[in-house]
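All remarks here apply to the structure that follows.
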Amino acid sequence: MVTCTGCALLCEDIEVVLENGGIKESRNACRRGAARFRGCKNRLAPSVDKKQTDIDTAIKKAAEILKNAKSLMLFGWSNSTCEAQAKGIQLAKKLNAAIDDTSSFCQGLLIERVLQKKFRTCSLEDVRNRADVLVYWGSDAQDSQPRHLSRFSVFPRGESRQRGYEEDRLAIAIDVRESNTAKICKGHFYRIPLKGDREFILALMEALVGKVPKYDAKRMLELAGIMKKAEFGVIFAGIGLTYSIKDDIDILVSLADMLPNFHVMPMVGHYNMRGFNEALFKETGFVNRVKFGVKPVHDNKYAVVEALKSKSIDALLITGSDPLSSLPRSILSHLASIPVICIDPCVTLTSKIAAVTIPAAASGLECGGSAVRMDGKVIEISKVVENSYLTDAQILTRLMEGL
Amino acid sequence: MGMDVGKFMKNPEYEIKLTTHRDIFQVEALEYDRFGDEYKKHSAVVVMGKDDMNKFGLKTGDRVRLMNSFGSIVVELRESKREEPGGLAFMVNSPWSNALVSDETGGRGIPEFKNINAKISRTKDEITTIESLIDR
Ligand code: SF4
């Protein structure tokens with residue numbers, strides 16, 4: 001059995017069939033996971049200034065860029081093992097650089113509050129064994145963490161939930177779109193207007209204290225009734241919810257405070273985003289957006305989006321992320337004018353414009369290590385096939401040595 | 001045969017709101033090849049409710065230009081298989097949708113990925129390629 005790094009569920013029950021040193025087939029994984037085991041079509045090659053070279057030359061050039069930068073940022077990290085993330089943080093410290101990860105424009109706001117213990121949270125095993133009311137809020141797990149419902153929440157039997165979804169569990173979806181997850185929550189889908197989550201929370205809070213809410217009173221009172229009666233409820237907070245209430249995220253803390261039997265779990269996409277957040281939090285007290293110096297400073301200006309927008313960095317090292325693909329094009333013009341170092345197993349949009357590219361082993365396939373599941377549990381990931389690629393951690397070590 | 005008058009008329013533009021989501025088939029294609037046809041097929045698409053399409057005189061399979069002050073892309077239009085309340089169109093999150101996302105963040109580092117205002121109009125232009133989204 002091996003672990004899938006397709007998403008932050010880190011499913012540990014994958015069987016792989018090997019043939020001629022490669023993976024012939026994977027079993028038990030979802031469509032997303034199976035694709036991860038098949039690997040990508042275009043492997044990244046080492047290059048400097050878009051000309052192919054050997055790995056040593058690429059690493060040497062990258063170290064030179066890092067050394068000469070006056071305002072450097074190290075970014076990415078959510079697709080790397082904990083071991084590589086630790087090296088990345090070490091490198092940032094050594095270079096007095098800024099460090100940020102994809103949680104900065106994803107679930108960082110929620111994970112930070114989980115780590116600060118502002119939310120009651122729980123493990124996925126608790127969900128399987130005990131949860132009776134499951135609220136998918138701005139989260140389409142069926143498409144993003146595809147085995148969430150079948151391994152942990154709606155469908156499995158659990159210690160105190162022997163009759164599963166037919167009698168023991170109730171699944172609710174609150175979303176702008178009738179997602180594939182919402183379809184499963186039949187009869188309990190609450191459609192909200194775009195950016196309507198805050199108003200929905202306020203109305204739900206009114207209903208919870210017995211007032212008649214201004215907004216969809218009948219269904220809101222019904223939902224409040226279900227949530228109040230829950231023995232073990234969980235709000236799976238998706239990126240749809242986070243984006244919608246990003247300017248007033250603590251309103252979700254206030255709602256959770258009114259629901260003593262409820263737990264909040266941020267739904268994480270990338271397999272080890274939480275790992276990075278935990279590591280940086282332990283080191284600095286912040287989950288992302290930190291600049292090292294005399295002491296670590298946290299500021300929104302160290303968010304990758306703001307740093308690119310304000311053109312305040314003069315070099316960017318990216319590990320396992322493709323900002324050219326995942327960020328708005330309106331803020332990306334700066335990327336073309338600074339040296340970008342791209343460490344990745346595969347060719348990406350960003351690698352096409354990078355000054356230096358360094359191919360890495362794909363974690364969970366070509367290298368092992370550990371990672372943190374979306375609920376905070378540490379999971380070992382395995383090396384499945386022999387190969388000669390350097391791991392992210394080895395590349396970062398060599399960069400440090402080359403300084 | 002009569003002259004194709006449509007050819008000389010500017011196609012009418014309509015204001016729409018767009019939101020984005022994830023799709024397992026698109027993610028599968030992304031894992032394999034983000035420059036491939038399969039990824040483009042699942043990404044360069046906008047989905048709309050039937051009533052909105054009727055209102056705008058658009059139909060499934062039309063190529064449409066989505067445009068705002070941040071960018072302009074050409075994608076394929078498809079009718080939603082679900083009941084939609086109207087007034088909102090859907091795209092899978094991708095470099096195509098990201099071409100339309102505002103640079104306004106209030107200094108707080110999170111763009112409005114899921115809250116896009118754009119104009120939609122029918123076009124004969126080709127679907128935007130991923131290569132052209134890297135060029136600047
Ligand atoms: S749910 Fe996530 S971790 Fe599990 S098999 Fe699918 S992609 Fe892999």
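The values are calculated or read from the model by the stated rules, or taken from the named source; none is laboratory data. Only a predicted model underlies this, so the values are computations on that prediction, with no experimental measurement involved. No Cβ is skipped: glycine too gets one built from the backbone with ideal geometry, and neighbour counts run over all protein chains shown. To get the accessible areas, we keep the full protein, side chains included, count just its heavy atoms, and leave off ligands, DNA and RNA. Shrake-Rupley method; radii C 1.70, N 1.55, O 1.52, S 1.80 Å.
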Legend entry - residue A:378 accessible area, 1.4 Å probe, all protein chains in place, Å² to nearest 10: 90
Inset, instruction - State the percentage of accessible surface on the range B:12-134 attributable to carbon and sulfur atoms; use a 1.4 Å probe and exclude ligands, DNA and RNA. - result: 48
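Can you give the average number of partner chain beta-carbon atoms within 10 Å of each beta-carbon in peptide B:11-24, as a whole number?
Averaged over the peptide's residues, the number is 4.
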Inset, instruction - Report the one residue of A:310, A:323, A:347 whose Cα lies farthest in the direction of the positive end of the charge dipole of the range A:310-403 (charges on C-beta: Lys and Arg +1, Asp and Glu -1; origin at the Cα centre). - result: A:310
Inset, instruction - Could you work out the mean count of beta carbons from other protein chains within 10 Å of each residue's beta carbon in A:21-31? - result: 1
Legend entry - Peptide A:327-339, shielding by other chains (average Cβ, 10 Å cutoff): 5
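When a/c is below 1.5 the answer is rounded, else prolate if a/b is larger than b/c, else oblate, so apply that to the range A:108-266 with a ≥ b ≥ c taken from the square roots of the Cα gyration tensor eigenvalues.
On the way: a/c = 1.35, a/b = 1.24, b/c = 1.09.
Rounded shape, in that the Cα axes give a/c under 1.5.
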Inset, instruction - Report relative contact order for chain B in percent, whole number only (criteria: Cα-Cα under 8 Å, sequence separation at least 6). - result: 35
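Once you keep just the Cα pairs under 8 angstrom separated by 6 or more residues, what percentage relative contact order results for chain A?
Relative CO of chain A lands at 26 percent.
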Inset, instruction - Please report, to one decimal in angstroms, the Kirkwood hydrodynamic radius of chain A built from all distinct Cα-Cα pairs. - result: 22.1
Legend entry - Cross-link partners of residue A:218 among lysines (Cα-Cα below 16 Å; sequence separation of 8 or more within a chain): A:228
Legend entry - Accessible surface buried once B binds A (1.4 Å probe; total of both sides; Å²): 4400
Inset, instruction - Assign unit charges at the C-beta atoms only (+1 for Lys and Arg, -1 for Asp and Glu), then state the dipole size of the range A:108-266 relative to its Cα centre in Debye, rounded to the nearest 20. - result: 160
Inset, instruction - Show which aspartates and glutamates lie in cross-link reach of residue A:183 when reach means a straight Cα distance below 14 angstrom and same-chain residues fewer than eight apart are skipped. - result: A:140, A:143, A:175, B:83, B:84
Inset, instruction - Would you compute, from DSSP H runs of 4+ residues alone, the mean residue ellipticity of the protein assembly as shown at 222 nm, taking -39500 (n - 2.57) per run and dividing by the full residue count, rounded to the nearest 500? - result: -8500 deg cm²/dmol
Legend entry - the range B:12-134 - Kirkwood radius from inverse mean 1/r over Cα pairs (Å): 14.7
Inset, instruction - Name the helices (complete DSSP H segments) of chain A with a Cα length along the long axis of 15 Å or more and a Kyte-Doolittle mean of at least 0.5, or state none. - result: A:197-208
Legend entry - the range A:170-245, dipole about Cα centre (Lys/Arg Cβ +1, Asp/Glu Cβ -1), debye to the nearest 20: 140
Legend entry - Set A:211/B:114; A:311/A:352; A:229/A:282 screened for pairs whose C-alpha atoms are more than 27 Å apart: A:211/B:114; A:229/A:282
Legend entry - Estimated inter-spin distance, residue B:124 and residue A:403, nm [label 7 Å along Cα→Cβ]: 5.9
Legend entry - Selected from A:68, A:96, A:261 as most flexible by GNM, with chain A as the system and alpha-carbon contacts under 10 Å: A:68
